[in-house]
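Take a look at the structure set out below.
The values are calculated or read from the model by the stated rules, or taken from the named source; none is laboratory data. Just so we're clear, the structure is a prediction, and the values are computed from it rather than from any experiment. The area values use the complete protein model at the heavy-atom level, side chains included, leaving out ligands, DNA and RNA. Shrake-Rupley method; radii C 1.70, N 1.55, O 1.52, S 1.80 Å.
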Amino acid sequence: MLSSTAVVEVVAERLAAHEAANYVLDPVIVAKDGTHLLTDDGVRAVREKLLPLAILVTPNAPEAEALTGEAVSSADGAARAARALVDMGANAALVKGGHLPGQAVDVLWDGAEETRLTNPRIAGPPVHGTGCVLSAAVAAYLARGEALAAAVAKARGFLQDALTETFSTGGSFQLFAPFQHRD
């Protein structure tokens, strides 16, 4: 989570200087409870400085709305937002559908092909950190040489496995527990 415009600018400068090849942007802008975590200027800096450097951007529905101005209340809205994110400079976009009603549908747009990915919802309280785990797993699979679509698919499988191993600390969210993933 980048807390200010200045931090976003420094991160963008360093990513560009190091020519980060497998940079996956998880734009932590809106928390699960709807709390905005970055100012409008910070969101603009993410849009203008970090987004064009990303091989993949992985916003949830509220974050995709904040970045694109597109309403994301359905899989079709997620698809429009994914296309807009690529038009804004990202190499590809995965708009996550966990915040949408009904079946959770993630939409991947790579500039040429749209893929809609579904997984069953897992009953229980929300799990803190799902977006971070997903984006980190995609980056790890890309670093291992996977193509983008395969990296996304494997990362989603990793996340589904991780969601079966959570625990509560007494708050309103679950947390991930250590687990062994076979891949």
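Averaging 1/r across all pairs of distinct Cα atoms in the chain and inverting the result yields a Kirkwood radius of 16.6 Å.
The angle between the Cα long axis of helix 5-18 and the main principal axis of the chain comes to about 80°, on a 0 to 90 degree scale. Principal-axis analysis of the Cα atoms of the chain puts helix 75-87 at an angle of about 30° to the longest axis.
Please figure out what share of the DSSP beta bridges in region 14-168 is antiparallel and state it in percent, rounded to the nearest 5. If we restrict to bridges inside region 14-168, about 70 percent are antiparallel.
Ignoring everything except DSSP H segments at least 4 long, calculate the 222 nm mean residue ellipticity for the chain; use -39,500 (n - 2.57) per segment, divide by total residues, nearest 500.
On the way: 6 runs with 71 residues, N = 183.
About -12000 deg cm²/dmol.
Subtracting the Cα-Cα distance of Thr115 and Asp40 from 0.36 nm times their residue separation leaves 24.0 nm of extension gain.
For the chain, the solvent-accessible area works out to 50 Å² per residue, with a probe of 1.4 Å and every protein chain left in place. Alpha carbon centre of region 148-165 versus region 54-123: separation in Å? Going from one Cα centre to the other spans 16 Å.
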